[in-house]
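Enquirer: Dropping a structure here in structure tokens format, bear with me for questions.
Coordinate-derived values only; no laboratory data. Remember, it's a predicted structure, so these values are computed and weren't measured experimentally. Heads up, the Cβs are rebuilt from the backbone with ideal geometry, glycines too, and the neighbour counts pull from every protein chain shown.
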Amino acid sequence: MTQPFRIGFGIDFHQLAEGRALWIGGIKLEHTKGALGHSDADVLLHAICDAMLGAVNLGDIGFHFPDTDDAFKNIDSKILLKRTNEFVTKAGYQIGNIDSTICLEFPKIKPYAPQMKKVISEILSVDENQVSIKATTSEKMGFVGREEGIAAYATVLLMQNNDSL
Ligand SMILES: [Zn+2]
């Protein structure tokens, strides 16, 4: 790959269920429900991983970390993000910036966003101001509005590493 910049987009969904922990953005949120999934079901980290993989045209998270593989059962998605960043580095790129939006009714994300940015930026070795985390409800409509599930979207801009030029 020789482009100075590459862009990637990622999207992820998880069902919400009683008796599960709610991990979003690498941290555990206080809530009565949690996300269902093979891993810790961190919807935001999965969307970011998919955006990063897309930017270097390396498929998606399901291809690299299949939910049929017991090695990834209940795995901390921060490990998946770290591994994904290794793919990006190997391809000769580094994170320019990440923009993301989490879609859920409850809990409010705003108080948690600074901690999420800190966790994500540390894993990716970038400044916190390179990681944007936004949130929206779906105004009570659809599966998000009924609190049956959550979604996250992420866009990532990668910059070619100078030492790989
Ligand atoms: Zn996921």
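Enquirer: Could you work out the helix-only [θ] at 222 nm for the chain, with each DSSP H run of four or more residues adding -39,500 (n - 2.57) and the total divided by the number of residues, to the nearest 500 deg cm²/dmol?
Expert: After summing the helix terms and dividing by residue count, I get -8000 deg cm²/dmol.
Enquirer: While we're on this one: If you wrap a convex hull around the Cα atoms of the chain, how much volume per residue is inside, in Å³?
Expert: 102 Å³
Enquirer: Something else: Show me 105-112, 91-98 ranked by packing, highest mean number of other Cβ atoms within 10 Å first.
Expert: 91-98, 105-112
Enquirer: Assuming a strict under-16 Å limit between Cα atoms, what lysine pair count do you get for region 28-158 once near-sequence pairs (fewer than 8 apart, same chain) are dropped?
Expert: Lysine pairs meeting the criterion: 18.
Enquirer: Could I ask something else about it? Ranked from highest to lowest mean number of other Cβ atoms within 10 Å per residue, what is the order of the peptides 80-89, 43-52?
Expert: 43-52, 80-89
Enquirer: When DSSP assigns beta bridges and you keep just the ones with both residues in the chain, what percent turn out antiparallel, to the nearest 5?
Expert: Antiparallel bridges make up about 80 percent of those DSSP assigns within the chain.
Enquirer: A further question on this structure: Could you tell me the center-to-center distance, by alpha carbons, between region 83-103 and region 134-165 in angstrom?
Expert: After rounding, the separation between the Cα centres reads 13 Å.
Enquirer: Can you divide the C-alpha Rg of region 29-92 by 2.2 N^0.38 Å and report the result to two decimal places?
Expert: Computed over Cα atoms of region 29-92, the ratio equals 1.15.
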